[in-house]
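Single-structure report; data block below.
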Amino acid sequence: MSNQERPRLLVLVGPTAVGKTGYSLEIAKHWNAEIISGDSMQVYRGMDIGTAKLPIEEQQGIPHHLIDICEPDHPFSVAEFQERCATLIDEITARGRVPFIVGGTGLYVESVCYNYQFSETGSDEAYRNEMEAYAEAQGNEALHERLRQVDPVSAERLHPNDRRRVIRALEVHHVTGQTLAEQQAGQQKISPYELCIVGLTRPREELYNRVEQRIDEMLALGLVEEVERLVRAGVPRRAISMQGLGYKEIIPYLEGEMPLDTAVTLLKRDTRHFAKRQLSWFRHMKDIQWVDVGGEENFYENLQSIHAIIAGKFQNDLEYNSNQSCNGGNGK
């Protein structure tokens, strides 16, 4: 299939707090794009502060998709994300606009870029129940260590508290004898799209400072109260949604298991570690062109570098409104 026959797909990735939001708005305006959230947690209603959702009034009239599409007790999956994205890409393309995935959930984004095939075969309910019981008795860290022994690559990418995915990775190895990482590496990384992926990065110290600043802002906006509302509404502590950063750390405080300052310290640590895992994932992806966006004063110059990458990839035949103002914020 030639490039002219393949739908275009623009993608912006990078670790949490690197500044994707600010850049994505300017990019979308210039390239006549509609944004598809590539964040696995922004799909949940009522989880706004901890997932850093951009309020509608700050979206500058740009359509945003896959935000607030399900309740917090729904086990949203990568396969569901992939299916919804495929439909959205076709719809956005039919409107004469550019589908634009923005986010940091590596497997979700990569599954769409390269049309991963997900098989439901290879399940063992008794084994899953055994691993659940093991985690209840020994703790999530012990379960995660079991995964590290058989599949260190997946263990590096999965947080110990992401119990569902840790158990799934163990189950894949138990049933098939092949690790989840090996299965993912074996996917045919051939895109059905004319693909342009831009990755944002910053110097590590600067990124970590932004992470801590963002968490302080979330707390000031009412993160604790948001988590408390979800708990009162009956969202189970083990729900996939409640394993998200900012939720799994605050719940122990609300349950009286630790003081707030300890919970916040853990949240900042976990978020730094998450950013590191995101960078590790993206650096193993093919086709990414990286832009170092360090230094808040360089927003305009960085934006021009991104535009040049997109123009080069799409061969200048997209609508590029070069006369529009490129002045923008520093992003989120």
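Just so you know, all these numbers are worked out from the coordinates, no wet-lab data involved. In this text, all values refer to a predicted model and were calculated from it rather than measured experimentally. Ideal geometry is used to build each Cβ from the backbone, glycine not excepted, and the neighbour counts take in all protein chains shown.
Out of segment 112-214, which trypsin sites (Lys or Arg not before Pro) are coil in DSSP terms and have no more than 13 other C-beta atoms within 10 Å?
Of the trypsin sites (Lys or Arg not before Pro), not one in the loops of segment 112-214 has a Cβ with at most 13 other Cβ atoms within 10 Å.
For the chain, modelled as a GNM with alpha-carbon contacts under 10 angstrom, which of Ala275, Ala220, Ala52 fluctuates the most?
Highest fluctuation among the options: Ala220.
With a point put 7 Å past each Cα toward its Cβ, work out how far Glu58 is from His273 in nm, to one decimal.
A separation of 2.8 nm, rounded to one decimal place.
Count charges around Tyr108 for me, please; just the other residues with Cβ under 11 Å from its Cβ, Lys/Arg as +1, Asp/Glu as -1.
With Lys, Arg at +1 and Asp, Glu at -1, the net is -2.
At a Cα cut-off below 12 Å, give the aspartates and glutamates reachable from Lys286, other chains included and same-chain residues fewer than 8 away excluded.
Result set, ordered by chain and number: Glu110.
Kyte-Doolittle cut-off -0.5, length cut-off 20 Å along the helix's own axis using Cα: show which whole DSSP H helices in the chain pass.
The qualifying helices are 78-94, 299-313.
Below 13 angstrom from the Cβ of Arg6, what's the summed charge of the other residues (Lys, Arg +1; Asp, Glu -1)?
-1
Under 22 Å Cα to Cα from Lys248, which lysines show up? Leave out anything in the same chain fewer than 8 places away.
Lys248 reaches Lys53, Lys268, Lys276, Lys332.
Extension gain Glu297-Glu205, at 0.36 nm per residue separation less the Cα-Cα distance, in nm?
Answer, rounded to one decimal: 31.4 nm.
Just to be sure I follow: if Rg is taken over the C-alpha atoms of segment 125-185 and Rh is the Kirkwood radius over the same atoms, what is Rg/Rh?
0.93
Residues of segment 8-44 with backbone nitrogen within less than 12 Å of a virtual label 7 Å along the Cα-to-Cβ line of Arg95, please, listed as ranges.
Residues 32-36 qualify, since their backbone N sits under 12 Å from the label point.
If each of Glu257 and Ala142 carries a label point 7 Å out from its Cα toward its Cβ, how far apart are those two points in nm?
A separation of 1.5 nm, rounded to one decimal place.
Helix-derived [θ] at 222 nm for the chain: sum -39500 (n - 2.57) over DSSP H runs of at least 4, divide by residue count, nearest 500?
That calculation yields -15000 deg cm²/dmol at 222 nm.
Quick check: residue separation of Gln117 and Gln304 times 0.36 nm, minus the Cα distance between them. What number comes out in nm?
In short, 63.7 nm is gained.
For His174 paired with Ser191, estimate the spin-label separation in nm (one decimal), with each label point 7 Å from Cα along the Cα-to-Cβ line.
It works out to 3.7 nm between the two label points.
With the convex hull built on the Cα atoms of the chain, state its orientation-averaged projected area in nm².
Mean orientational projected area (the chain, Cα hull): 17.0 nm².
Between Cys70 and Tyr127, what FRET efficiency comes out of the Förster formula 1/(1 + (r/R0)^6) with R0 = 30 Å and r the beta carbon distance, rounded to 0.05?
Here the calculated transfer efficiency is 0.60.
Give me the net charge for the shell around Glu130: Cβ to Cβ below 13 angstrom, other residues only, Lys and Arg +1, Asp and Glu -1.
Residues near Glu130 contribute -3 overall.
Normalised radius of gyration for segment 1-128, please: alpha carbon Rg relative to 2.2 N^0.38 Å, two decimal places.
Here the answer is 1.12, to two decimals.
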